[in-house]
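These notes concern the structure reproduced below.
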Amino acid sequence: MKVVVGVTGSVAAVRTPELVRELIRRGYDVECVMSPAAHDILNPKVLEWASGKKVVTELTGAVEHVRLLGIGGEADALLITPSTSNTIAKIAAGIDDTPVTTMAATALGSGKKVIITPAMHESMYRNPFVSHAIEKLKNAGVHFVGPHISEGKAKIASEEEIIAFLEGVLK
């Protein structure tokens, strides 16, 4: 199974390399894509090390989004982990202005599985517009894992929870 891991600008992005390594240990073929805001938190070279593949940090004439998540594309699913409220709102509104949101738009249009793991401050997660965007995406078939609310934050689900959920969706 091939999974595209999309990383956005949440501080929880620092947990992504270990998740990518564990997915590979379990036999997944993983390619990573990052939003520009994710670069401020995690150097793309770390994800390149974790995945063993060049990280998509911008879309080029190679149309990476179509190759990976277009109709007949190589990947089986898009896992956006972590996802900010900004990314969730953009996907729900059909905005694709970052490599991650363009991957999501392409995956949704191709019938590929999309799984999102939110991570943000609790007040942002409870924002009625973010709640509406999450419900809109769920109604469109997007899956959500977590978050866990504690210390005023909507914290990303554990690595084990994310992988178990992904495996369930891909069965």
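For segment 114-166, residues that are closer than 23 Å to VAL14 by Cα, acidic (Asp, Glu) and loosely packed, with under 13 Cβ neighbours inside 10 Å total 2.
Taken residue by residue, segment 113-135 has at least one member that is in contact with a Leu (Cβ under 6 Å, 6 or more places away or on another chain) and touching a residue at least 12 places away in the same chain (Cβ under 8 Å). The helices (runs of 4 or more DSSP H) found wholly in segment 24-94 and carrying at least 2 residues that are without any contact (Cβ under 8 Å) to a residue 40 or more places away in the chain and surrounded by fewer than 19 Cβ atoms within 10 Å (Cβ to Cβ) occupy 44-51. If we keep just the residues of segment 1-11 that are outside any loop (DSSP other than H, G, I, E, B) and in contact with a Ser or Thr (Cβ under 8 Å, 6 or more places away or on another chain), which is nearest to LYS153 (Cα to Cα)? Ranking the candidates gives VAL7 first.
When the criteria are applied in full, ALA104 fails the requirement of being assigned to a strand (DSSP E or B), crowded, with 20+ Cβ neighbours inside 10 Å, touching a helix residue (DSSP H, G or I) at 6+ places or on another chain (Cβ under 6 Å) and of a type in the set (A, V, I, L, M).
Read-outs throughout are calculated quantities, based only on the coordinates presented, and are distinct from any laboratory measurement. Note that this is a predicted model, so its numbers are computed, not measured. Neighbour counts run over all protein chains shown; Cβ positions are idealised from the backbone, glycine included.
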